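In what follows, a single structure is set out as structure tokens and then discussed.
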Amino acid sequence: MAIAEIEPVSRESTAAIIARQLREAIMSGSLPPGTQLAETELAGQFQVSRGPLREAMQRLVSEGLLRSERHRGLFVIDLEPEDIRDIYTARLAIERAAVIRIMTSGVQAKAADRLDEVVADMAAATEAEDWDEVSAADTRFHEVLVSASGSKRLVRMSRTLLIETRMCVSALRLKYGKDEERVTEHRLLAHAIREGEDYRALPMLETHMEDAVQRLAPGTSLFS
């Protein structure tokens, strides 16, 4: 039976491709918060006319990744302290539920194996001083943690925070004295999960999130 509202699938438009690349640059930190987007320069870099570029940027405005200032132009959003606190509050709720589900489903060893693989990638990237990959592995660790819970809804909820999470994780790179700290924190959490020590894993996760909030927004706390 044909459904009137369904339209044929079309190839990805130029505007969609530009929007995807700009979105990735924002998530990775290549376009840091507060950056003004220069239309002429970007059109030259993408080698496109201003039409599809403007369409792409308006998509990101509607997604909340860009903000428009009258007579000034478009800027990458700044994450205010309350935004950061809110993001990590949501992440903690989701990831805490994921850890509990892992512990009660008997999949601790399997989950820890996957997490240890990511920690190994993070350690290798740290050794190579590939800071972009360190941040990517950091994000991947938490994605694997939620995925290992086996809960489709927790995974879906986590994905809605992906862009803002990656923005925060990229910004954290500048807040650590040594990236070995990040490796150690994640390794210890994976070990606690392997051992089924929820009494250690849950407080460790809370401390990990609280530490991130305080690094990104000094004076802000998840618990006050």
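The values are calculated or read from the model by the stated rules, or taken from the named source; none is laboratory data. All values derive from a computational prediction rather than experimental measurement. Cβ coordinates were reconstructed from backbone atoms using ideal geometry, including for glycine residues, and neighbour counts include every protein chain displayed.
Scanning region 9-52 for residues that are under 23 Å from Arg70 (Cβ atoms) and of a type in the set (S, T, N, Q) yields Thr35, Gln36, Thr40. Specify the residue that is nearest to the chain's Cα centre (by Cα); the eligible residues are those in region 10-54 that are outside any helix (DSSP H, G or I) and over 21 Å from Ile163 (Cβ atoms). Applying the filter and picking the extreme gives Ala38.
Condition first: under 28 Å from Asp138 (Cα atoms), out of contact with any Ser or Thr (no Cβ under 6 Å at 6 or more places or on another chain), at pLDDT below 90 and not hydrophobic (A, V, I, L, M, F, W, C). Can you find one or more residues in region 42-50 that meet it?
Taking region 42-50 first, the residues under 28 Å from Asp138 (Cα atoms) are none.
Checked against the condition, which is being under 28 Å from Asp138 (Cα atoms), out of contact with any Ser or Thr (no Cβ under 6 Å at 6 or more places or on another chain), at pLDDT below 90 and not hydrophobic (A, V, I, L, M, F, W, C), region 42-50 yields no hits at all.
Scan region 116-125 and tell me whether some residue there is modelled with pLDDT under 95 and within 21 Å of Arg23 (Cβ to Cβ). There is no residue in region 116-125 that is modelled with pLDDT under 95 and within 21 Å of Arg23 (Cβ to Cβ).
This table checks each residue for (1) over 30 Å from Arg194 (Cβ atoms); (2) surrounded by 16 or more Cβ atoms within 10 Å (Cβ to Cβ); (3) at pLDDT below 90.
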| position | (1), (2), (3) |
| --- | --- |
| Arg11 | yes, no, yes |
| Leu22 | yes, yes, no |
| Thr40 | yes, no, yes |
| Leu66 | yes, yes, no |
| Phe75 | yes, yes, no |
| Pro81 | yes, no, no |
| Leu92 | no, yes, no |
| Val99 | no, yes, no |
| Met103 | no, yes, no |
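Residues of region 156-164 include at least one that is part of a loop (DSSP other than H, G, I, E, B), assigned by TED's automatic domain parsing to the domain that holds Val107 and out of contact with any strand residue (DSSP E or B) (no Cβ under 9 Å at 6 or more places or on another chain). Pairs are defined by a Cβ separation below 7 Å, a sequence spacing of at least 6 or placement on different chains, a first member in region 67-89 that is of a type in the set (D, E, K, R), and a second member that is surrounded by 14 or more Cβ atoms within 10 Å (Cβ to Cβ) and not in a strand (DSSP E or B); the pairs so defined are Arg67/Ile77; Asp78/Pro33; Arg85/Val213; Arg85/Ala217; Arg85/Thr220; Arg85/Leu222. The single condition among (1) more than 26 Å from Arg200 (Cα to Cα); (2) at pLDDT below 85 that Glu180 does not satisfy is (1). Working carefully through the options Asp132, Asp113, find the one that is under 13 Å from the mean Cα position of the chain (by Cα) and either surrounded by fewer than 16 Cβ atoms within 10 Å (Cβ to Cβ) or on the phi > 0 side of the Ramachandran plot (or both). Going through Asp132, Asp113 in turn, just one is under 13 Å from the mean Cα position of the chain (by Cα) and either surrounded by fewer than 16 Cβ atoms within 10 Å (Cβ to Cβ) or on the phi > 0 side of the Ramachandran plot (or both): Asp132.
Would a scan of region 103-112 turn up a residue that is hydroxyl-bearing (Ser, Thr, Tyr), out of contact with any Leu (no Cβ under 6 Å at 6 or more places or on another chain), part of a helix (DSSP H, G or I) and over 24 Å from Ala25 (Cα atoms)? Before you say what the answer is, go through the steps one by one.
Let us first name the residues in region 103-112 that are hydroxyl-bearing (Ser, Thr, Tyr), namely 104-105.
Add one more test, that the residue is out of contact with any Leu (no Cβ under 6 Å at 6 or more places or on another chain), and what stays is 104-105.
Of the ones still in play, those that are also part of a helix (DSSP H, G or I) are 104-105.
Now restrict to residues that are over 24 Å from Ala25 (Cα atoms): 104-105.
Taking every residue of region 103-112 in turn, at least one turns out to be hydroxyl-bearing (Ser, Thr, Tyr), out of contact with any Leu (no Cβ under 6 Å at 6 or more places or on another chain), part of a helix (DSSP H, G or I) and over 24 Å from Ala25 (Cα atoms).
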